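First up is the structure itself, then whatever we jot down about it.
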Amino acid sequence: MTDAQAPITLLSIGAHPADIFDQSGGTMAHHVARGDRVAAAVLTHGARVHDAVISDQLFKLDSVPEAEELTQLMRERADHKAEEVQQACQALGFDELYFLDLDDGVMLPTEAGIRPLARLIRDVKPTIILTHFPWEGKA
């Protein structure tokens, strides 16, 4: 690489596990191939809002499961989603992956969410951050 092509650090941040690939999978693969440092951060486990298994199972039930049973199911699905993300990152050629494990209900800018993300950005020191477009889905 020439000086103009010196390696950079790319950090892709997604709210849910699949988001990092939906929004920047090709870009991350390109930068891995270029020799750049690539990292990804997943803010939530994604099991509450974006899990077809939980949605399908709950839809077919006559009543809502007890809290303990539902929490266990969400933890199992969250672990499964984390494994899928790790495998996908490895398939793209990198393994620097961070899980902030925030709840995936309504995400608001709270200190509990902002501080760990700010700490991560400060530690990773990315040259470029890729993340959600704030007005995504709005015309």
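The values are calculated or read from the model by the stated rules, or taken from the named source; none is laboratory data. Predicted model only: the values in this text are computed from it and were never measured. Glycine also receives a Cβ, built like all others from the backbone with ideal geometry; neighbour counts cover every protein chain displayed.
Computed quantities for the displayed model
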| item | result |
| --- | --- |
| Hey, S63 at pLDDT below 95, part of a helix (DSSP H, G or I), of a type in the set (G, A, S) and loosely packed, with under 14 Cβ neighbours inside 10 Å or not | no |
| Residue in the range 100-110 that is in contact with a strand residue (DSSP E or B) (Cβ under 7 Å, 6 or more places away or on another chain) and at pLDDT 85 or above present | yes |
| Verdict on Q87 being in a helix (DSSP H, G or I), within 14 Å of the chain's Cα centre (by Cα), modelled with pLDDT of 90 or more and not hydroxyl-bearing (S, T, Y) | yes |
| Test: residue in the range 12-19 that is surrounded by 14 or more Cβ atoms within 10 Å (Cβ to Cβ), modelled with pLDDT of 90 or more and farther than 26 Å from G137 by Cα | no |
| Residue count for the range 20-35, restricted to those that are outside any helix (DSSP H, G or I) and either modelled with pLDDT under 95 or of a type in the set (F, W, Y) (or both) | 0 |
| Filtered residue count, the range 20-45, keeping only those that are within 14 Å of K81 (Cβ to Cβ) and surrounded by 22 or more Cβ atoms within 10 Å (Cβ to Cβ) | 6 |
| Residues satisfying the stated conditions in the range 1-19, i.e. part of a helix (DSSP H, G or I) and among the small types (G, A, S) | A4 |
| Boolean, H50 is modelled with pLDDT under 95 and in contact with a Phe, Trp or Tyr (Cβ under 8 Å, 6 or more places away or on another chain) | no |
| Output for the range 89-123, where each listed residue is more than 15 Å from L11 (Cα to Cα) and small (G, A, S) | A91, G105, A112, G113 |
